[in-house]
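Here the structure is laid out as structure tokens; the discussion comes afterwards.
The values are calculated or read from the model by the stated rules, or taken from the named source; none is laboratory data. What you are looking at is a predicted structure, and each value in this text was computed from that prediction instead of being measured. Here the Cβ positions follow ideal geometry from the backbone for every residue, glycine too, while neighbour counts run over all protein chains shown.
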Amino acid sequence: MNFLRIIPRNYLIVTFTYGNIKKVFNNSGPWGSESLKVYNYPDKYNVKKSFDVIVIGGGAAGMMAAITAASNGADTMILEHKDRVGKKILSTGNGKCNYTNELQGVTFYRGDDPAFVLPVMEQFGFDETVSFFEKLGIYPKNRNGYYYPASEQAASVLDVLRMELIFRHVSVVTECELRNILEKKNGFLLETGKGRFSAQKIIFATGLLAAPKTGSDGSAIPLIKAFGHRFSDIVPALTALQCRESFFRQLAGIRTEAEVSLFIAGENIISERGELQLTDYGISGIPVFQVSRFATKALKKKQAVTAQIDFLPRLNEQETEQLFEQRFREYAHGKIADEAMVGLLNHKLSGVLLKEAHISLKKPAEEITKKELLQLVKQCKHMEVCVTGSKSFEQAQVCAGGVHTDEIDPKTMESRLVPNIYFAGEVVDIDGMCGGYNLQWAWSSGYVAGRHAAE
């Protein structure tokens, strides 16, 4: 079996063989690329296989849970089925890792019961997160409440977490397939592709299905269900939305400030404002990411989903109408409709909006009727598009859905169904908005699970 432990990078690079034992210490590359060192042992040798706490999943929540459990005296191990822990962290914040946000509250979190986060955050919230990472070496950079490492490198966050795993003597087994978990008298027996391990307590920090190449592939879901836990519908979240309209092919690549309002079965559910990205398949960008989980949940239930886009969010209806009266009347100066829109919006976008308002691009501006101007106002302020789907789990930043929160104690993150089983991170039916909230949930839930599992 392959048993992996982390060793400091200043250790000597050595490869040697003693009998049937082969040890390989590969110290090449920076901490962010190759910091886990491989120990290869055959099964007949007495490798430690019993732990107080085993954390299943080595992502943000899993590492926090393991560090916390070990800090509180528990002999702790991480089981990770990828070749290294923390891969997903490297892609957060566009590689800069927005690891928390000073604006906190239940409104920034979603799920069937968003208030579930409150008892968790009371134990380990924003202040505790900033302090924790400062002690590990992460000097914070505050950008309007969004916190990044001063290095502006996500690898820095991952590196200090790995260093802390070393310091806390956390064992790590990577490339380890978890096949089954059996309850026994004093804990659990975990059957893996690298042998059996026993633990008094286990923490599921496995994620769900978002970005499966980084480790969240859903392989642990059947094992969790086997303990009787139910899952709410798992769908992509913080993702782009696909739309039916053919004109999007003309708009691909355009970025513009806009407000996106999501309608489900005709009811306005949520609105978000920011930089909208128009693509050949539909809409993307932060405001779309923020509303996407509501769209994907509704689509899963076969409900009708539409989005209304306001391309002039700084103006109200009356102001927009006045503006168009000026551009198409007082300041027309012999322009055609297409020319009268120059300087207001992207030229390609203006052309589509005019066509959707049934106004010829070549029509003299001064000849455009009041009715036509009102139609143009409607298109600019309330362009309606039909949402038909989303990008896949592979391209989603997180998932919505997960283990029902009514089956978990928010004060401890322990299962209400099976004692000594805990949960942390995305596997729970909680997802956050863009802006560091999903990582904050990972740190908070990981801390609470790790602390109480160590008791």
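Evaluate the stretch 268-279: report whether one residue or more is in contact with a Phe, Trp or Tyr (Cβ under 7 Å, 6 or more places away or on another chain) and surrounded by fewer than 20 Cβ atoms within 10 Å (Cβ to Cβ). Don't jump to the end; show me each part of the working.
Kept after step one, since they are in contact with a Phe, Trp or Tyr (Cβ under 7 Å, 6 or more places away or on another chain), are these residues of the stretch 268-279: 269-270, 278-279.
With surrounded by fewer than 20 Cβ atoms within 10 Å (Cβ to Cβ) added as a condition, the list becomes 269-270.
Scanning the stretch 268-279, I find at least one residue that is in contact with a Phe, Trp or Tyr (Cβ under 7 Å, 6 or more places away or on another chain) and surrounded by fewer than 20 Cβ atoms within 10 Å (Cβ to Cβ), so the answer is yes.
Would you check if VAL117 is under 20 Å from TYR422 (Cα atoms), touching a residue at least 40 places away in the same chain (Cβ under 8 Å) and touching a strand residue (DSSP E or B) at 6+ places or on another chain (Cβ under 6 Å)? Considered against the rule, which asks whether it is under 20 Å from TYR422 (Cα atoms), touching a residue at least 40 places away in the same chain (Cβ under 8 Å) and touching a strand residue (DSSP E or B) at 6+ places or on another chain (Cβ under 6 Å), VAL117 comes out as yes. Residues that are crowded, with 17+ Cβ neighbours inside 10 Å and within 42 Å of the chain's Cα centre (by Cα) were ranked within the stretch 322-339; the one that is farthest from GLU272 (Cα to Cα) is ASP338. From the set of residues in the stretch 32-79 that are among the acidic types (Asp, Glu) and at pLDDT 95 or above, which is nearest to ASN186 (Cα to Cα)? In this case the residue turns out to be ASP52.
Okay, residues lined up against (1) within 21 Å of ALA211 (Cα to Cα); (2) of a type in the set (S, T, N, Q):
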| residue | (1), (2) |
| --- | --- |
| LYS96 | yes, no |
| VAL106 | no, no |
| TYR109 | yes, no |
| VAL117 | no, no |
| VAL130 | no, no |
| ASN142 | no, yes |
| TYR146 | no, no |
| GLU152 | no, no |
| VAL157 | yes, no |
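Looking at this structure, is ALA332 among the small types (Gly, Ala, Ser) and modelled with pLDDT of 95 or more?
Working: among the small types (Gly, Ala, Ser): yes; modelled with pLDDT of 95 or more: no.
When the stated conditions are applied, ALA332 does not pass them.
Looking at this structure, is ARG110 in the same structural domain as ASP406 (by TED's automatic domain parsing), modelled with pLDDT of 95 or more, buried (at least 18 other Cβ atoms within 10 Å of the Cβ) and of a type in the set (Lys, Arg)? Break it down stepwise before answering.
On the way: in the same structural domain as ASP406 (by TED's automatic domain parsing): yes; modelled with pLDDT of 95 or more: yes; buried (at least 18 other Cβ atoms within 10 Å of the Cβ): yes; of a type in the set (Lys, Arg): yes.
Considered against the rule, which asks whether it is in the same structural domain as ASP406 (by TED's automatic domain parsing), modelled with pLDDT of 95 or more, buried (at least 18 other Cβ atoms within 10 Å of the Cβ) and of a type in the set (Lys, Arg), ARG110 comes out as yes.
Do you know which of the residues in the stretch 97-118 that are in contact with a Leu (Cβ under 8 Å, 6 or more places away or on another chain) and β-branched (Val, Ile, Thr) is nearest to VAL398 (Cα to Cα)?
First, pick out the residues of the stretch 97-118 that are in contact with a Leu (Cβ under 8 Å, 6 or more places away or on another chain): 97-100, 106.
Those left that are additionally β-branched (Val, Ile, Thr): 100, 106.
Details: THR100: 16, VAL106: 18 Å.
Among those residues, the one meeting the criterion is THR100.
Restricting the first member to the stretch 292-303 and to residues that are in a loop (DSSP other than H, G, I, E, B), and the second to residues that are of a type in the set (Asp, Glu), the beta-carbon pairs closer than 8 Å and six or more apart or on different chains are LYS301/ASP233.
Quick check, is GLY105 within 18 Å of the chain's Cα centre (by Cα), surrounded by 21 or more Cβ atoms within 10 Å (Cβ to Cβ) and either among the small types (Gly, Ala, Ser) or farther than 30 Å from GLY195 by Cβ (or both)? No, not satisfied.
Condition first: assigned by TED's automatic domain parsing to the domain that holds PHE247, farther than 23 Å from CYS434 by Cβ and touching a residue at least 12 places away in the same chain (Cβ under 8 Å). Can you find one or more residues in the stretch 384-400 that meet it? The answer is yes; a qualifying residue exists. The set of residues in the stretch 191-209 being touching a residue at least 60 places away in the same chain (Cβ under 8 Å) and over 21 Å from GLY73 (Cβ atoms) consists of THR192, LYS194, GLY195, ARG196, PHE204, THR206, GLY207, LEU208, LEU209. One residue alone among PHE263, PHE231, PHE247 is touching a helix residue (DSSP H, G or I) at 6+ places or on another chain (Cβ under 6 Å), in contact (Cβ under 8 Å) with a residue 24 or more places away in the chain, within 30 Å of TYR281 (Cβ to Cβ) and surrounded by fewer than 22 Cβ atoms within 10 Å (Cβ to Cβ), and that residue is PHE247. The set of residues in the stretch 136-159 that are surrounded by 13 or more Cβ atoms within 10 Å (Cβ to Cβ) and aliphatic (A, V, I, L, M) comprises LEU136, ILE138, ALA154, ALA155, VAL157, LEU158.
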